[in-house]
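The values are calculated or read from the model by the stated rules, or taken from the named source; none is laboratory data. Fair warning: this is a prediction, and the values are worked out from it, not measured in the lab. Neighbour counts run over all protein chains shown; Cβ positions are idealised from the backbone, glycine included. We work out accessible area using only protein heavy atoms, side chains counted, and drop any ligands, DNA or RNA first. Shrake-Rupley method; radii C 1.70, N 1.55, O 1.52, S 1.80 Å.
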Amino acid sequence: MDEQLFFKKLNNLCTSEDIFSFLNSLEVMSDTMAAGALQKISEVEVDDNGLKNPALLENEVFRALCFQFEFESSKLSNTGLLNALQALIKLRIDPQSTLMTSLLSESEERLGRGQLTAENLCSLGESLLELEGPSCATLEQIVNCMQERDVRRWSPREIAMVYRILQVTSREGKQCQNLLNRLNSVTFHTVSQLSPNFTSVILNSLAVLHQTRAVVLVTALCKHSVKHVAYFTDHELVNVLEAFLYFGQKLQIFTEALERHVPGSILTMHPQTVSEVMHYCCKKMILSKPIFDAVAEDFISNADGLTTDQIAAYIIPFGTLNYLPPSASSLFRKLEAVLHTRLRHFQPHTLLNLLHSCVLIQRYPINFLPKIFSPYFLQNLQAQPPGLNRVVMSQLTQLFLTVSLECPFYEGPKLPSKYQVKACPMPHSSPDVHLFKRVKTGLLYLLKKRTYFASEVSTPYFYIVDIEIKLDEEGLVLPAAQVEEVHRRIALCVDGQNRFCAHSHNLLGEEAIKQRHLQLLGYEVVQIPFFEIESLQNTRKMADYLQKKIFPCTYG
């Protein structure tokens, strides 16, 4: 039978029984046809759990094919030899069997004689990676052969495969930067031809290989990945998200593609992939309501099947980005139910991060705080990395402060004073330097003297106030250093873009809880957000704006 007709008929078959029946009807076939048949069998009979029907390995037709490959390996074409090897590895044939050792031995001999094309080298590399892993010595030999070839003539598949081999051999401490430089340059011109799989593989390899100088290539790949978002497998999407984070890429069109894809696909996505999507949004400060709402619904339905790390990954971004979805009441009821049954399974730092994120959005884990404040839990927290560093101590202190200010009915254990910190700036709490300077200049113009306000004031209650103004009983401004006859304290929160979600006017959780607590501590909180003052052209307009915000009763 003509090869083209053979593969056309073979590709229309859906079961191994049909394939064996079709092969039985042929009197003769080439080695590439036989190898193609093995590949088709591996496609229909192997899934994520392995071989569906091990009995097929005893089929007469299958055994006859294997017999021919085993005893005539030296007569096979390169394509037939290497395609058969790939298929048999996928079918989980014993690597120590005479069939496999015969095919591997023949492949390595041809490699040594320099008889393999770039495509053949890639096929052999894929097989060795699958069979022996990154420690396989032959992989280095394949890389050496590839370095002698003309990179400009490689196909996208060959390019992706070489990146994969370089990625795994680099873990063994070997890195061929010269080859990588040539490869990066050529890949840039083939980006538009890359499939979802190749795009993901190359981005992942560039991240693992620390190719931070290949900015032009990385940017092109990230833009190209946008059109593949709906077609990535779970594993491929995770690779792409990790590369975006590693290289600091943030594209609005990529976020929009995720927003179109995730809500409709979340029921079929692996929980770890959903976790990675939320981790990406959290790290990039992207408050995507379509994604967050879909994740909340998914959690309500499927939380019982999640690991403790996945539970935390689903929930923490809601607190970090200060967002309550429409299903918030059901979401946190489900979280409480899960915590009641699985509390002891959580690692200490995971549990602290989870409960701290809840209080940022006014969801109070009252029933679980006795555990958090217990000496046993605090000792475990200290014993496990990162231990009781400043961030962990700040989280504990803020939990305790939340209970004291917002849950006066709580009567459980308190946080011992040795675990409390007096002040600790949170990751995004530092004021925007340029914005801060403009506000202070406007205040000086308004109040006439620098002594009438203080900046970056440490309070006795953990928080640092950006700018504090003190007033007496009649509402007159007092010198900042005065401690007597202070009737009112005004806390100005100079909120730059770093305190808001990306492309949003939504305050981050850590800033929202700070302003809430300052109010409960007796401050009059006046928010000065960047988007209200960035258009103010001069100092007089800034002073006018500040008077209206700080002293609304006397304005005009």
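Comparison of 288, 275, 301, 327 shows that the only residue that is more than 29 Å from residue 497 (Cα to Cα) and among the polar types (S, T, N, Q) is 301.
Taken as a whole, the range 534-548 holds at least one residue that is under 30 Å from residue 319 (Cα atoms) and either part of a strand (DSSP E or B) or open to solvent by 90 Å² or more (accessible area, probe 1.4 Å) (or both).
Within the range 372-385, residues that are touching a residue at least 24 places away in the same chain (Cβ under 8 Å) and part of a helix (DSSP H, G or I) sit with their Cβ atoms under 9 Å from residues that are of a type in the set (D, E, K, R) and open to solvent by less than 90 Å² (accessible area, probe 1.4 Å), at 6+ positions apart or across chains, in these pairs: 377/371. Taking the criterion of being under 36 Å from the mean Cα position of the chain (by Cα) and open to solvent by less than 70 Å² (accessible area, probe 1.4 Å), would at least one residue in the range 60-80 satisfy it? No, that holds for no residue. The residue list 221, 206 contains one member that is assigned by the TED database to the domain that holds residue 140, buried (at least 21 other Cβ atoms within 10 Å of the Cβ) and either touching a His at 6+ places or on another chain (Cβ under 8 Å) or within 23 Å of residue 128 (Cα to Cα) (or both), which is 206. Answer yes or no: is there a residue in the range 352-364 that is closer than 16 Å to residue 303 by Cα, open to solvent by 10 Å² or more (accessible area, probe 1.4 Å) and aromatic (Phe, Trp, Tyr). So far as the range 352-364 goes, no, none of its residues is closer than 16 Å to residue 303 by Cα, open to solvent by 10 Å² or more (accessible area, probe 1.4 Å) and aromatic (Phe, Trp, Tyr).
Residue pairs whose Cβ atoms lie under 6 Å apart, sitting 6 or more positions apart in sequence or on different chains, and linking a residue in the range 89-106 that is touching a residue at least 24 places away in the same chain (Cβ under 8 Å) to a partner that is open to solvent by 30 Å² or more (accessible area, probe 1.4 Å) and acidic (Asp, Glu), are 89/130; 99/70; 102/70. Within the option set 298, 304, being among the acidic types (Asp, Glu), without any contact (Cβ under 8 Å) to a residue 60 or more places away in the chain and closer than 25 Å to residue 508 by Cβ holds for one residue only, 298. Could you tell me whether residue 351 is more than 17 Å from the chain's Cα centre (by Cα) and over 15 Å from residue 501 (Cβ atoms)? So residue 351 fits the description; yes.
Being touching a Ser or Thr at 6+ places or on another chain (Cβ under 7 Å), over 30 Å from residue 317 (Cβ atoms) and hydrophobic (A, V, I, L, M, F, W, C) is a condition met by no residue of the range 453-465. If you go through the range 56-84 and keep only what is within 11 Å of residue 16 (Cα to Cα) and assigned to a helix (DSSP H, G or I), you end up with 56, 57, 61, 62. Within the range 229-279, the residues that satisfy the criterion of being open to solvent by less than 70 Å² (accessible area, probe 1.4 Å) and either small (Gly, Ala, Ser) or in contact with a strand residue (DSSP E or B) (Cβ under 7 Å, 6 or more places away or on another chain) (or both) are 230, 243, 248, 257, 265, 275. Give the number of residues within the range 121-144 that are within 27 Å of residue 218 (Cβ to Cβ) and either in contact with a Phe, Trp or Tyr (Cβ under 9 Å, 6 or more places away or on another chain) or among the hydrophobic types (A, V, I, L, M, F, W, C) (or both). The qualifying residues number 6.
Residues that are touching an Asp or Glu at 6+ places or on another chain (Cβ under 6 Å), in contact (Cβ under 8 Å) with a residue 12 or more places away in the chain and in a strand (DSSP E or B) are absent from the range 509-524 altogether. Look at the range 321-339: where a residue is in a loop (DSSP other than H, G, I, E, B) and crowded, with 21+ Cβ neighbours inside 10 Å, no partner that is among the basic types (Lys, Arg) and at pLDDT below 95 sits 6+ places away or on another chain with Cβ atoms under 8 Å.
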